[in-house]
Amino acid sequence: MTPNTKKILLSCCQQIRWEALDLKPIQKLIALAIEEDTVGSGLIEKPATTGDPSSALIPENHNVTATFHARQPLTLCGIELARLTAAFDPRLSLKALADDGATLSAGDPIATLHGPTRSALTAERTLLNFLQHLSGIATTTRAYVDALKGSPTRLLDTRKTTPGYRYLEKYAVACGGGWNHRMGLFDRVMLKDNHLAAFGSDLAGATAAAVAESRRVNPDLLVEMEVDRIDQIPAALAAGVDIILLDNFSVRELREAKTLIGDQAVTEISGNVTLDTLPELKTVGCDFISTGALVHKSVWVDIGLDWDE
């Protein structure tokens, strides 16, 4: 591996941490979730009765202690988000009993919730929605990461995320042991066929022109090019792209492409990535395998909130 390729490899992905997240949009998301339940936000015609009339039947001074439990094996994600959600009522307190990224068995405790019963019941579904969704992504990611064991190939997510949940879902991928690809459009130049078509019909000339323009305008940004045929690779190499994304190649074609590219660029496999195909894909020796399935094919895990006696 050349020094430049190694440098690119180290700089083109990350594992986002909770501390890196801006809490302001997250707090807005929490407020929106609570308001959906209590005041019908999102509806033009607001309900005649607002709040939580079911919980309002309980005496105001009644307090509860409840415990979140894993009801299936899972990788946990969402503890800090749950803590922020519980804080919609300052009298509620959430104590973590497990950390994000922890591997839990069915029955393992996750956190305790203590405070006014009314507020605990109002927040219960929102708390579970966040925990089940993000832990589902982390659990799915962990399964994919485990399937890559024994290989230096890293697993990447994509920008196929739920609108408004981008960084929470990427954080969940990191909790599951995966790596984050682009955070958004802003942090890498990604050349696809539609971009290159604007530079002309000659692939080699168009690629060279696009890469040259990128180096001129954004010299610090990595340039990645998506190819779906082997005969497109020489144009990418000649233009000096940093990363070549091999889209929907067969395993035979991937091996041929990897041999052709060598250490001239970082390589990324994308398309037809499943738990069944990973054992063979990891033998190709590419630097990364990316898939949107970590998010859009993840399944919410089963977490329960049990009232303590």
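Structural remarks
- Matching option when the condition is at pLDDT 95 or above and surrounded by 13 or more Cβ atoms within 10 Å (Cβ to Cβ), among LEU9, LEU21: LEU21
- Scanning the range 266-287 for residues that are in a strand (DSSP E or B) and within 17 Å of ARG252 (Cα to Cα) yields a count of 4.
- Answer from LEU254, LEU246, LEU237 - the residue that is touching a residue at least 40 places away in the same chain (Cβ under 8 Å) and either farther than 16 Å from PHE288 by Cα or not in a loop (DSSP other than H, G, I, E, B) (or both): LEU246
- A single member of GLY150, GLY107, GLY101 is over 25 Å from the mean Cα position of the chain (by Cα) and either more than 26 Å from ARG166 (Cα to Cα) or in the same structural domain as GLN27 (by TED's automatic domain parsing) (or both), and it is GLY107.
Condition check ((1) in contact (Cβ under 8 Å) with a residue 40 or more places away in the chain; (2) in a strand (DSSP E or B); (3) not small (Gly, Ala, Ser)) across all residues:
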{"residue": "THR49", "(1), (2), (3)": "no, no, yes"}
{"residue": "PRO53", "(1), (2), (3)": "no, no, yes"}
{"residue": "GLN72", "(1), (2), (3)": "yes, no, yes"}
{"residue": "LEU81", "(1), (2), (3)": "yes, no, yes"}
{"residue": "ASP99", "(1), (2), (3)": "no, no, yes"}
{"residue": "ILE110", "(1), (2), (3)": "yes, yes, yes"}
{"residue": "HIS114", "(1), (2), (3)": "yes, yes, yes"}
{"residue": "PHE130", "(1), (2), (3)": "yes, no, yes"}
{"residue": "LEU134", "(1), (2), (3)": "yes, no, yes"}
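- Breaking point among (1) outside any helix (DSSP H, G or I); (2) free of Cβ contacts under 8 Å to residues at least 40 places away in the same chain; (3) more than 30 Å from ARG252 (Cβ to Cβ), for ARG215: (1)
The values are calculated or read from the model by the stated rules, or taken from the named source; none is laboratory data. Remember, predicted model here, so these are calculated numbers, not experimental data. Cβ coordinates were reconstructed from backbone atoms using ideal geometry, including for glycine residues, and neighbour counts include every protein chain displayed.
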